[in-house]
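*Asks:* Input: one structure, supplied below.
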Amino acid sequence: MATEFYEWKFGDVYYLKRGWGEPIVLLHNIYPGASHEEFEHNIAELARHFTVYAVDMLGFGQSDAPHLRYTGNLYASLIHDFLVDVVGQPANIVAAGLTCSYVADVAVWRHELVKSIAMICPRSEPIGLDSPRWIAAIRHFLISSPTLGHGMYETLSTGFEVDAFLRGCFHNPRNVTRQKIDRLAANASHPGGAYPYASLVSGYLDSPLMKTLPHVSMPTLLIWGREAKPTPVEHSVRLASMLRKGQLHVVEQAGAWVHDEQSKIVNKLLCDFALNRGAGAQIATA
């Protein structure tokens, strides 16, 4: 296993590299305390078949968190540059939540870089509040201000708030362990953590997945937990109907973090899909 930093134009981006074989890139969702460790129960199994690149997105985990406005376009650019500069060949990509939209943008923009995409409970509805853009700009300024907004962010990243967030991600509350809570709280407390959060709640990280997805040409796998929140399973059928080449698998006894809660099932789905490039229009329950 190797841990390295990609010297990107906006800051150093941390990633873990493990295994042998064709590349598979793991991209976590966007939330306070996020990191590549969201895939802690997937990396070892996937590394038996692929070269795994598990990335801490800019502003999260061990990556730099510069004081700037984070946007969907910024993260799409990061994913594109990482594929070109670090991976260096077409890759399979696994993304969760909001990050699925940024991967879809890259897949349409530079389709030759992407072999297949697995999307875990992708977020297709806007995160930002339904308010004028000038209000969003003020909200972003207040939250990202070191003197005005960091106190609020620190409150939101306490163990109590992290516990509440994780309980919304899992179907079985027993999977919300003290280790997970402490890890996310520690990650969220890293310097600069408030900056991407300010962009998240201001709507700057929203991206129109429903407009992009019909133009994605490579095989795409949707994985959904039956009890997922805040992206309920009903959304999965709508997105699946937009796929040009795709499969939908709904996994029972799982929430939005289905790749953690039912990791054995998800690992098999990911391996089978990426290795076989399955592209039939299917809806399945696991």
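Quick note: the coordinates plus some simple rules give every number you see, no bench work behind them. A quick note: this is a predicted structure, and the numbers were derived from the prediction, not measured. Note: ideal-geometry Cβ built from the backbone for every residue, glycine included; neighbour counts use all protein chains shown.
*Asks:* What residues have an amide H closer than 5 Å to that of G21, excluding those fewer than 5 places away on the same chain, when H is modeled at 1.01 Å from N in the peptide plane?
*Replies:* T51
*Asks:* Sequence neighbours fewer than 8 away in the same chain don't count; with that in mind, list the lysines whose C-alpha is under 26 Å from K180.
*Replies:* K17, K229, K264, K268
*Asks:* In Å, what Kirkwood hydrodynamic radius results for region 163-224 from the alpha-carbon pair distances?
*Replies:* Every distinct Cα pair counted, the radius reaches 14.9 Å.
*Asks:* Turning to a different aspect of this structure: Looking only at Cα atoms, what is the convex hull volume of region 229-269 per residue, in Å³?
*Replies:* 68
*Asks:* Say each of W20 and E7 gets a label point 7 Å from the Cα, pointing the same way as Cα to Cβ; how far apart are those two points in nm?
*Replies:* Once both label points are built, they end up 3.0 nm from each other.
*Asks:* Each residue of region 57-64 in turn: what ³J(HN,Hα) in whole Hz from Karplus with 6.51, -1.76, 1.60 and θ = phi - 60°, glycine and Pro shown as x?
*Replies:* 4, 3, x, 9, x, 8, 6, 4
*Asks:* Pull up all non-local amide H partners of N29: gap of 5 or more, or a different chain, and H-to-H distance under 5 Å with H placed in the peptide plane.
*Replies:* A96
*Asks:* Contact order normalised by length for region 1-72, with contacts defined as Cα pairs under 8 Å and 6 or more residues apart; what percent is it?
*Replies:* Once divided by the residue count of region 1-72, the mean separation gives 37 percent.
*Asks:* Just one of [x] 156, 53, 28; [y] 60, 57, 41; [z] 52, 39, 39 is Cα extents along the principal axes in Å as worked out from the coordinates here. Which one is it?
*Replies:* Step by step, Cα extents along the principal axes in Å for this structure corresponds to label [z].
*Asks:* Sticking with this one: Give the relative contact order (percent, whole number) for the chain; include only Cα pairs under 8 Å separated by 6+ residues.
*Replies:* 20
*Asks:* Could you give the angle, 0 to 90 degrees to the nearest 10, between helix 99-109's Cα long axis and the longest principal axis of the Cα atoms of the chain?
*Replies:* Its long axis makes an angle of about 60 degrees.
*Asks:* Give, as a single signed number, the net charge of other residues whose beta carbon lies under 15 Å from the beta carbon of L166, with Lys and Arg counted +1 and Asp and Glu -1.
*Replies:* -3
*Asks:* Separate question: Kindly work out what percent of the DSSP beta bridges joining two residues of the chain are antiparallel, to the nearest 5.
*Replies:* Antiparallel bridges: around 30 percent, rounded to the nearest 5.
*Asks:* How compact and how long is region 158-286, expressed as Rg and Dmax of its alpha-carbon atoms in Å?
*Replies:* Answer for region 158-286, Rg first and Dmax second: 16.6, 45 Å.
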